[in-house]
Each structure stands twice: as structure tokens, then as C-alpha cells.
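Asks: First the structure, which I've put down as C-alpha cells, then a few questions once you've had a look.
The values are calculated or read from the model by the stated rules, or taken from the named source; none is laboratory data. Bear in mind that the values here come from a model prediction, so they are computed numbers and not experimental data. Cβ: placed from backbone, ideal geometry, glycine included. Neighbour counts: every protein chain shown. Accessible surface areas use protein heavy atoms only, side chains included; no ligands, DNA or RNA. Shrake-Rupley method; radii C 1.70, N 1.55, O 1.52, S 1.80 Å.
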Amino acid sequence: MYGKHNRAISYFQRALKLNPEYLSAWTLMGHEFVEVKNYNMAIECYRNAIDINPRDYRAWYGIGQTYEILKMYMYCLYYYMEAQRLRPTDSRMVVALGESYEKLEQPAKARKCYMRALNVGDKEDIAMIRLARVCETLKDDEGAVRWFSKYLDMVRSGEIEPGEDVCFAHRYLAQYYLKNQRLAEADIHAHKCCEYKDTKNEGRALVRQIAAHRNSESNIKNSMSNMRRNLFQNDQSGSSSTQKRTRPGQGDASDSDMSFS
């Protein structure tokens, strides 16, 4: 595999000897250096491309990716911002920005980026699940439920290819619905969790919790029903006893009974 990339680098170097201003050759050679993990040379190639054409978004994006691999997130953020400025309607640039903000622990800014990526058209079908996850991080239950649910709906309809996040979407929704006592919906998602390796154990635990809640609810309902039945029986018994003690003519004294002779 490395031999293939090294041969490509050799071809690009030959081309650049003939024409040092060959923009695409610099950018593509930068990609090849990334593949062989020679990041310093990759950055140099991308910078040469930018020197030739400062509006080449691919070179800005390439440097951003390289710095992201190196975990230099402040640097990659700067280069992604430049790439996004040059390609404002390209969702890949906006998603890359959002991911950088997440790594810099700025989830509120990341959420704005993922929303924008959805608005301009999510080319890679990843902005929605990223948005749902960042809403979860921000404790925005309403947003997380909305976007996890919509993501699963689109997976079911075939609009989005199912990814590794499907099981985590089911897990979040199962936990949320259980917390809010919506046991039927919680049960559906908990059983779905059991179908995936990463959430199987949590899914089984959730199924047991839901069953325990249902048993508890059933016991409470039975207790309330028994209490109402006993109260009704006591009322009936009390009414019957009163009728037996109060016979005709023995009620309240009439006006004639109260008169003096």
C-alpha cells in the first residue's frame, strides 16, 4: 500500500519539475504524504498550493485535516474556517468545523455548525447524528430526542445508511422515555439496543428496569383498586347499619311531639 502512495508521490514530483505552478499536483501530493504519514511534507505541499492560489479550498481543508490528525485542534480550526469561507455551502467544511469545536470542548458552537450543515444539505449524512450527540452533551433533551428520532426515521426509510450510531440513538431514547415514564416507547428502544453488540448489555438492563416499573405500576393500581373496593364496601356496610338502627317513627321529633299540654 505504501509503495502505491510512494509511486504517486514520485509521479507528482516529476510533474512539478516540469511545471512548479501545477496547483492540483501540489494538493494531490499533499494527500499522498498524509497517506504515508509524512505530515510535515503534506503541510508543505498544501502551503505551496495556497501560495499559488489562495482560494484553493482543497488545500486549506487538507492542512486542516492534517492538523486534526496531529491533534492540533486550534490550528485545524483556523484552516477549516478558511476552507468553509471559500465553500460556504459545502456541508463537509461545516461539519469539520463542528467536529473541531467539539474537540475544543465548545459544544454550543459545534451545534450551530451542525445545524448549518443540515441547512446547506448534508452531503455525507453525518451532521444529523452529530447534532443529536452534541445536544445530548449540552443536556438539551428536547433537541436530542428530536434529532435522534429523526435520524432513526431516516435510517428506517432508507434515506440514510445505518451507521454505528444507530444503537446509541436507541439507547438514548430508551433512557429518556424510561425517565419520563413513557414505558411503551422505552421498551421498543430498549429491545432494539439488545440487537447490537455495543449496547446489548445496557439494553437488557433497560428491559429489566422497564419490567420492574410496569410491575410497580401494576401493584400500585391493584392497591388503589382494592382500597376503593374496601371503601365502597365500608360505605355500604355503614349505610346498612344506619338503616337498621333508625326505624319509622323514631326519627326527629315532630312539632306535635314538642308541644306542651
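Asks: Is it true that Ser216 is within 23 Å of Gly98 (Cβ to Cβ), assigned to a helix (DSSP H, G or I) and of a type in the set (Ser, Thr, Tyr)?
Replies: no
Asks: Looking at Ala59, Ala49, can you tell me which residue is among the aliphatic types (A, V, I, L, M), within 24 Å of Pro88 (Cβ to Cβ), modelled with pLDDT of 95 or more and within 32 Å of the chain's Cα centre (by Cα)?
Replies: Exactly one residue qualifies, and that residue is Ala59.
Asks: Here are some residues: Glu102, Glu68. Which one is buried (at least 19 other Cβ atoms within 10 Å of the Cβ), under 24 Å from Leu28 (Cα atoms) and among the charged types (D, E, K, R)?
Replies: Result of the check over Glu102, Glu68: Glu68.
Asks: Hey, could you check region 130-149 for residues that are more than 10 Å from the chain's Cα centre (by Cα) and open to solvent by 80 Å² or more (accessible area, probe 1.4 Å) and say which is nearest to Glu105 (Cα to Cα)?
Replies: Ranking the qualifying residues of region 130-149, first place goes to Lys139.
Asks: Considering only region 39-54, I want to know if a residue exists there that is surrounded by fewer than 19 Cβ atoms within 10 Å (Cβ to Cβ), at positive phi and not in a helix (DSSP H, G or I).
Replies: No, that holds for no residue.
Asks: If you check Tyr75, Tyr114, which single one turns out to be farther than 29 Å from Val155 by Cα and either assigned to a helix (DSSP H, G or I) or within 18 Å of the chain's Cα centre (by Cα) (or both)?
Replies: Working: Tyr114 fails: farther than 29 Å from Val155 by Cα.
Within the list Tyr75, Tyr114, the selection yields Tyr75.
Asks: If Leu178 satisfies all but one of (1) surrounded by 15 or more Cβ atoms within 10 Å (Cβ to Cβ); (2) over 18 Å from Gln209 (Cβ atoms), what's the number of the condition it fails?
Replies: With respect to (1) surrounded by 15 or more Cβ atoms within 10 Å (Cβ to Cβ); (2) over 18 Å from Gln209 (Cβ atoms), Leu178 is out only on (2).
Asks: Whether any residue in region 134-153 is part of a loop (DSSP other than H, G, I, E, B) and either acidic (Asp, Glu) or modelled with pLDDT under 95 (or both) is what I want to check. Steps first, please.
Replies: Of region 134-153, the ones part of a loop (DSSP other than H, G, I, E, B) are 138-140.
Within this subset, residues satisfying the condition of being either acidic (Asp, Glu) or modelled with pLDDT under 95 (or both) are 140.
So far as region 134-153 goes, yes, one or more of its residues are part of a loop (DSSP other than H, G, I, E, B) and either acidic (Asp, Glu) or modelled with pLDDT under 95 (or both).
Asks: Which one of these is closer than 20 Å to Glu102 by Cβ and modelled with pLDDT of 95 or more: Ile129, Ile188?
Replies: Ile129
Asks: Of (1) under 24 Å from Ala59 (Cβ atoms); (2) without any contact (Cβ under 8 Å) to a residue 24 or more places away in the chain; (3) open to solvent by 10 Å² or more (accessible area, probe 1.4 Å); (4) not aliphatic (A, V, I, L, M), Thr89 satisfies all except one. Which?
Replies: (2)
Asks: Confirm whether Glu82 is more than 26 Å from Tyr176 (Cα to Cα), in a helix (DSSP H, G or I), at pLDDT 95 or above and open to solvent by 20 Å² or more (accessible area, probe 1.4 Å).
Replies: Taking the combined requirement at face value, the residue satisfies it.
Asks: Of all residues in region 188-207, which are open to solvent by less than 30 Å² (accessible area, probe 1.4 Å) and of a type in the set (Val, Ile, Thr)?
Replies: Thr199
Asks: Between a residue in region 111-126 that is basic (Lys, Arg) and any residue that is surrounded by fewer than 18 Cβ atoms within 10 Å (Cβ to Cβ) and assigned to a loop (DSSP other than H, G, I, E, B), which pairs come within a Cβ distance under 7 Å, given they are 6 or more apart or on different chains?
Replies: Listed pairs, sorted by first residue: Arg111/Leu138.
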